[in-house]
Number of protein chains: 2
Amino acid sequence: MTQKRIRNMEEFAAVSGISRPTVSKYFNDPDSVRRSTRARIEKALERYDYRPNIFAMNQNRKLTKNIGIVVPFMADPVFAEHARNIEQRCISAGFRPTLYSAHGDPALEVDILDGLRSLKPAGVLLAPLGRASDQKEIEKFCRDVPTVLFDSNIEGLGEAFIGSDNFSFVSQTVEYLTRTGAPPSFFEMRTPANPNANKRRVAYIQMMDRLGLEPHIIQIEGEGWAFEEIGRRGALEILRDNRLPTDSILCSNDRLAIGLLSACCELGYRVGRGPDCNLRVASNDDHPFARFTCPSLTTAAHDYDSVSNRSVETLFELIESGGEFRNREETLFPSRLVLRNSA
Amino acid sequence: MTQKRIRNMEEFAAVSGISRPTVSKYFNDPDSVRRSTRARIEKALERYDYRPNIFAMNQNRKLTKNIGIVVPFMADPVFAEHARNIEQRCISAGFRPTLYSAHGDPALEVDILDGLRSLKPAGVLLAPLGRASDQKEIEKFCRDVPTVLFDSNIEGLGEAFIGSDNFSFVSQTVEYLTRTGAPPSFFEMRTPANPNANKRRVAYIQMMDRLGLEPHIIQIEGEGWAFEEIGRRGALEILRDNRLPTDSILCSNDRLAIGLLSACCELGYRVGRGPDCNLRVASNDDHPFARFTCPSLTTAAHDYDSVSNRSVETLFELIESGGEFRNREETLFPSRLVLRNSA
DNA sequence: ATATTAAATTGACGCGCGGAAACTTTTAAG
DNA sequence: CTTAAAAGTTTCCGCGCGTCAATTTAATAT
C-alpha cells in the first residue's frame with residue numbers, strides 16, 4: 001500500500017503534487033487552501049501516512065496548537081471528569097490538550113506552569129489549588145500565557161473565571177433541610193484548601209440569617225487533600241462529643257461528607273430522613289461516588305458539563321481575540337439539588 | 001538581577017563563558033561535563049533564567065527525555081494514584097512525563113498512542129484498557145516505542161509487564177472468608193473489561209477446588225467503566241432474587257463492591273461479620289475509598305508503590321538497554337489482606 | 001474575451017539546537 | 001617534567017518546518 005516512507009513535508013508535497021508551502025498552509029489550517037487542493041492533499045494523506053514533525057512545527061510558530069489543562073488533584077474523580085470533557089472538546093477543535101495534576105502540591109503546580117510555558121501553549125485552562133497556590137507565580141504565568149481559570153477562583157488571576165455559584169448550592173441545601181426538618185449545622189475544614197469553601201460558609205451564614213436561624217459552624221482540623229479521612233476523623237470527634245445542636249448537618253463538600261458518613265457507620269448512627277434515623281446529612285458537589293454512599297448522599301450538584309463547556313468556549317474566544325479580554329468576566333452556574341436518602 | 005534576556009543557547013553560552021557545544025552537552029547530561037564547568041554554567045543559570053527551547057532540542061535528538069504514561073480510566077482514583085507516583089519518579093530522574101487517560105475508550109487509547117509516537121518518547125508506561133484494547137495497534141506501537149505494560153497484562157505486548165499477583169489476592173480473601181465463615185460466591189461482571197478479572201475468577205475456582213468446596217460464580221451484565229453502577233444494579237437483582245447460596249460474597253474488585261454495598265444499603269441488608277449481620281462482603285484492590293464505605297471494606301490490597309516503582313525502574317532499564325529486552329519478564333507483586341468491617 | 005482577484009509555486013532564509021571533525025587546553029598519571 | 005587521556009573550543013552542517021517576496025497559474029467577474 002505505502003510505496004515509500006515519507007520522511008518530511010518536502011517528500012510528502014512531492015507525492016501529493018502540491019508545493020511544500022501550500023502543504024504547510026494546509027496543516028496549519030485545512031480551510032486556508034482551495035477545496036480542490038485540499039482534496040488532493042487528503043488523498044495523498046490516505047495513501048502515505050505522513051504527519052508533520054511536531055517539534056519542527058512548533059519551533060517557529062508564534063502560537064502552537066497546544067493547550068494545557070491543569071487540575072489541583074486528579075485523584076478526585078470530579079477533576080477527572082472535568083478533564084475528560086475538556087480534553088475531548090479541545091481535540092475536536094483541532095488542539096493538542098495536555099493534562100496535568102498538581103496532586104495537591106503548590107510547588108508542583110508552579111513546576112507544571114513553568115514547564116507549560118516552554119510548550120508555548122495557545123492557552124491554558126487552570127483549576128488552581130486555591131489557598132495554597134503560589135499566587136505570584138500564577139500571576140506571572142498568566143501574564144505570559146492566555147489563561148482561563150475554572151472551578152476555583154482566585155480574584156483577578158487569569159482572563160476569565162468559570163465556576164459554580166456557591167450561594168446557589170448552599171441556599172438550596174439549607175432551604176431544603178430547614179423546610180423538611182431541623183436547621184443544619186455547617187461542617188467544614190477550618191483551613192479549607194479551596195476558595196469555594198469560604199464562599200459556602202458565607203452563604204450558609206447568610207441563608208440562616210435570612211431564615212432567622214442561628215448559624216452553627218463546625219470546623220474540623222486537617223491539612224491536605226485527603227478530605228475523606230479528614231472528614232471521618234473530624235466527625236468521629238464531633239459525634240462522640242455530641243456537639244451537634246440538631247440532627248441535621250450540611251457538609252461543605254461531598255468528600256468531607258463521605259468521610260462523615262463513614263464515621264456515622266462506625267459509630268452506628270442511622271443516617272437518613274426516616275423516623276428511625278438520628279441524623280440527616282446533606283452536602284455539595286454531587287461527587288461521582290455520592291450515589292453509592294450508605295445511605296446515598298443528598299447533595300447540590302455542579303453543572304459539570306456547563307462549567308467545562310463554557311470554560312473551553314471561553315478559552316477559544318480568548319485565543320481568537322489574541323489572548324486578552326477587555327475585562328475579566330466571572331461566570332457562575334447554579335446548582336441542582338439532588339435528593340437521595342441521606343437527608 | 002537579569003541584565004538582559006537570553007534568546008538562545010548561543011547567548012547563554014556567551015554569558016556563562018562556555019562554548020555552546022559544551023553547554024549543549026550539559027543540558028543533555030549535567031554529569032557529562034567537568035565539575036568546574038558545570039558549576040560555571042549553573043552559576044550563570046542562576047543569574048539568567050534561560051532554558052533550552054524544548055522543540056528545537058527534541059527535533060534532532062534521536063531520543064527525547066519524554067515519557068508517556070497512559071492509563072485506561074483516570075476517574076478511577078487507583079490510576080490517579082499510580083500516575084502520581086510514576087510522574088514524580090520520572091521527573092526526579094530528569095524525564096518529562098506526560099499523562100494520558102483513555103477514559104475507557106479503545107479508540108481514544110489508539111489516538112493517544114498515535115499522538116505519543118510523534119513525541120518520540122524515550123519510553124512509555126502503558127496500563128492498557130484490556131479486553132477492549134485494539135491489540136494490533138498497541139502491538140504496532142510497541143514495535144516503535146519502548147513500552148512497559150503495567151497493571152493490566154496483554155500477553156506478549158510490551159517489553160515487560162509489572163502488575164499484581166491475582167492469585168495472591170483471591171487466595172487470601174477466599175481463605176479468610178472460608179476460615180471464618182461460609183464459603184463465598186464470586187461476584188463479577190460477565191464481560192469484564194480488565195484481564196485481571198479473568199485471572200481472579202480462575203484463582204477463585206482453583207482455591208475453592210483446593211478447599212474441596214463448590215465454586216459459585218455470579219456474573220452480572222454491564223458494559224463500560226461505570227463499575228459501581230454496574231455492581232449496584234447487578235447486586236439489586238441478585239439480592240432480590242435471593243440467589244446467594246451463602247451469606248458470603250467475594251467481589252472481583254472494589255468498585256463492584258462499592259456498588260454492591262450501595263445496593264445492600266438500599267435493601268436494608270446488614271453487612272459485616274457481627275451476629276446481627278446477614279451478609280459478608282470482601283473484595284480485591286484496596287481502592288482509595290474502600291476505607292470509607294459502609295461498612296468499611298475488607299479487601300486484598302495492591303502493593304501500589306511496588307508496582308509503580310518497579311514499573312518505572314523497569315522502563316529506565318529498558319531505555320538504558322536501548323529499548324529492547326532479551327525476554328519479556330512479568331513481575332507480579334503479592335497482595336496484602338486488609339481486614340475491615342465488611343467481612 | 002479580458003480584467004481582476006484569489007490561490008499556488010519558486011526560491012530562499014531562519015529558527016534553535018544536535019552533532020561531528022579538527023584542533024587546543026586542561027587534567028591526571030607516570 | 002613528560003605524556004596521554006579527557007574535556008573544551010571552533011567551525012560547520014543539518015534537522016523539518018514556518019514564512020516571506022516575487023512570480024506564475026487558476027478561478028471568478030465583467
Legend entry - In region B:122-144, the residues that are open to solvent by less than 10 Å² (accessible area, probe 1.4 Å) and closer than 12 Å to B:GLY323 by Cβ: B:ALA122, B:GLY123, B:VAL124
Inset, instruction - Test each condition in (1) open to solvent by less than 20 Å² (accessible area, probe 1.4 Å); (2) of a type outside the set (Phe, Trp, Tyr); (3) under 30 Å from A:LEU113 (Cα atoms) for B:ARG89 and report the one that comes out false. - result: (1)
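Do we find a residue being assigned to a loop (DSSP other than H, G, I, E, B) and among the aliphatic types (A, V, I, L, M) anywhere in region B:311-330?
Here is the first cut: in region B:311-330, the ones assigned to a loop (DSSP other than H, G, I, E, B) are B:321-328.
Within this subset, residues satisfying the condition of being among the aliphatic types (A, V, I, L, M) are none.
No; the residues of region B:311-330 include none that is assigned to a loop (DSSP other than H, G, I, E, B) and among the aliphatic types (A, V, I, L, M).
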Legend entry - Sole residue being within 14 Å of chain A (Cβ to nearest Cβ), at pLDDT 95 or above and farther than 23 Å from A:LEU116 by Cα, chosen from B:GLU175, B:GLU159, B:GLU109: B:GLU109
Legend entry - Filter result (open to solvent by less than 70 Å² (accessible area, probe 1.4 Å), part of a helix (DSSP H, G or I) and either farther than 22 Å from B:ARG96 by Cα or more than 12 Å from DNA strand D (Cβ to nearest atom) (or both)) within region B:1-21: B:GLU11, B:PHE12, B:ALA13, B:VAL15, B:SER16
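Give region B:101-113 a look and list any residue that's closer than 20 Å to A:PHE55 by Cβ and in contact (Cβ under 8 Å) with a residue 12 or more places away in the chain, or say none.
B:ILE112, B:LEU113
Has region B:332-341 got at least one residue that is assigned to a helix (DSSP H, G or I) and more than 11 Å from every other protein chain (Cβ to nearest Cβ)? Let's see the steps before the verdict.
Just the residues of region B:332-341 that are assigned to a helix (DSSP H, G or I), to begin with: none.
Among the residues of region B:332-341, not one is assigned to a helix (DSSP H, G or I) and more than 11 Å from every other protein chain (Cβ to nearest Cβ), which makes the answer no.
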Inset, instruction - Give the residues of region B:267-315 that are of a type in the set (D, E, K, R), more than 23 Å from B:ALA75 (Cβ to Cβ) and assigned by TED's automatic domain parsing to the domain that holds B:GLY231, sorted by residue number. - result: B:ARG270, B:ARG273, B:ASP276, B:ARG280
Legend entry - Members of region B:169-201 found to be in contact (Cβ under 8 Å) with a residue 12 or more places away in the chain and either open to solvent by 60 Å² or more (accessible area, probe 1.4 Å) or hydroxyl-bearing (Ser, Thr, Tyr) (or both), listed by number: B:SER171, B:THR173, B:GLU175, B:TYR176, B:THR178, B:THR180, B:SER185, B:ARG190, B:THR191, B:LYS199
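Are any of the residues in region B:306-313 open to solvent by 50 Å² or more (accessible area, probe 1.4 Å), under 15 Å from the mean Cα position of the chain (by Cα) and away from chain A (no Cβ under 14 Å)? Steps first, answer last, please.
Going through region B:306-313, the residues open to solvent by 50 Å² or more (accessible area, probe 1.4 Å) turn out to be B:310, B:313.
This time we only want the ones that are under 15 Å from the mean Cα position of the chain (by Cα), so: B:310, B:313.
From the residues that got through so far, the ones that are away from chain A (no Cβ under 14 Å) too are B:310, B:313.
Looking through region B:306-313, at least one residue is open to solvent by 50 Å² or more (accessible area, probe 1.4 Å), under 15 Å from the mean Cα position of the chain (by Cα) and away from chain A (no Cβ under 14 Å).
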Inset, instruction - Hey, could you check region B:23-38 for residues that are within 39 Å of the chain's Cα centre (by Cα) and open to solvent by less than 60 Å² (accessible area, probe 1.4 Å) and say which is farthest from DNA strand D (Cβ to nearest atom)? - result: B:PHE27
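Do we find that B:ALA226 is more than 30 Å from B:CYS142 (Cα to Cα), within 14 Å of another protein chain (Cβ to nearest Cβ) and of a type in the set (A, V, I, L, M) in this structure? Please lay out each step first, then the result.
Details: more than 30 Å from B:CYS142 (Cα to Cα): no; within 14 Å of another protein chain (Cβ to nearest Cβ): yes; of a type in the set (A, V, I, L, M): yes.
For B:ALA226, the condition - more than 30 Å from B:CYS142 (Cα to Cα), within 14 Å of another protein chain (Cβ to nearest Cβ) and of a type in the set (A, V, I, L, M) - is not met.
Does B:PHE79 count as away from DNA strand C (no atom under 16 Å from the Cβ) and either open to solvent by less than 40 Å² (accessible area, probe 1.4 Å) or assigned to a helix (DSSP H, G or I) (or both)?
Details: away from DNA strand C (no atom under 16 Å from the Cβ): yes; either open to solvent by less than 40 Å² (accessible area, probe 1.4 Å) or assigned to a helix (DSSP H, G or I) (or both): yes.
In short, yes.
What tally of residues in region B:35-53 results from selecting those that are without any contact (Cβ under 8 Å) to a residue 24 or more places away in the chain and within 13 Å of chain A (Cβ to nearest Cβ)?
The initial filter retains those residues of region B:35-53 that are without any contact (Cβ under 8 Å) to a residue 24 or more places away in the chain, namely B:35-39, B:42, B:46, B:51.
Among the residues that remain, those that are also within 13 Å of chain A (Cβ to nearest Cβ) are: B:51.
Of the residues in that region, 1 qualify.
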Inset, instruction - State whether the residues of region A:253-265 include one that is open to solvent by 40 Å² or more (accessible area, probe 1.4 Å) and in contact with a helix residue (DSSP H, G or I) (Cβ under 7 Å, 6 or more places away or on another chain). - result: no
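Any residue that is over 30 Å from A:ALA226 (Cβ atoms), surrounded by fewer than 23 Cβ atoms within 10 Å (Cβ to Cβ) and basic (Lys, Arg) - is there at least one of those in region B:271-291?
Of region B:271-291, the ones over 30 Å from A:ALA226 (Cβ atoms) are B:275-276, B:278.
After this cut, where a residue has to be surrounded by fewer than 23 Cβ atoms within 10 Å (Cβ to Cβ) as well, the list is B:275-276, B:278.
Checking which are basic (Lys, Arg) leaves us with none.
No, there is no match, as no residue in region B:271-291 is over 30 Å from A:ALA226 (Cβ atoms), surrounded by fewer than 23 Cβ atoms within 10 Å (Cβ to Cβ) and basic (Lys, Arg).
Determine, yes or no, whether A:ASP29 is farther than 30 Å from B:ARG7 by Cβ and out of contact with any Leu (no Cβ under 8 Å at 6 or more places or on another chain).
Values: farther than 30 Å from B:ARG7 by Cβ: no; out of contact with any Leu (no Cβ under 8 Å at 6 or more places or on another chain): yes.
So A:ASP29 does not fit the description; no.
How many residues are in a loop (DSSP other than H, G, I, E, B) and among the basic types (Lys, Arg) when one looks only at region B:27-67?
Residues in region B:27-67 being in a loop (DSSP other than H, G, I, E, B) and among the basic types (Lys, Arg): 5 in total.
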Legend entry - Scope region A:55-76; condition within 19 Å of the chain's Cα centre (by Cα), open to solvent by 10 Å² or more (accessible area, probe 1.4 Å) and either more than 9 Å from every other protein chain (Cβ to nearest Cβ) or over 30 Å from A:ILE258 (Cα atoms) (or both); matching residues: A:ASN66
Inset, instruction - Just give me the residues in region B:77-100 being touching a residue at least 12 places away in the same chain (Cβ under 8 Å), more than 10 Å from chain A (Cβ to nearest Cβ) and over 30 Å from A:HIS287 (Cα atoms), in sequence order. - result: B:CYS90, B:ALA93, B:GLY94, B:PHE95
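The values are calculated or read from the model by the stated rules, or taken from the named source; none is laboratory data. The model shown is predicted, which means the values in this text are computed figures rather than measured ones. Glycine also receives a Cβ, built like all others from the backbone with ideal geometry; neighbour counts cover every protein chain displayed. Please note that ligands, DNA and RNA were not included when accessible areas were found on the heavy atoms of the full protein model with its side chains. Shrake-Rupley method; radii C 1.70, N 1.55, O 1.52, S 1.80 Å.
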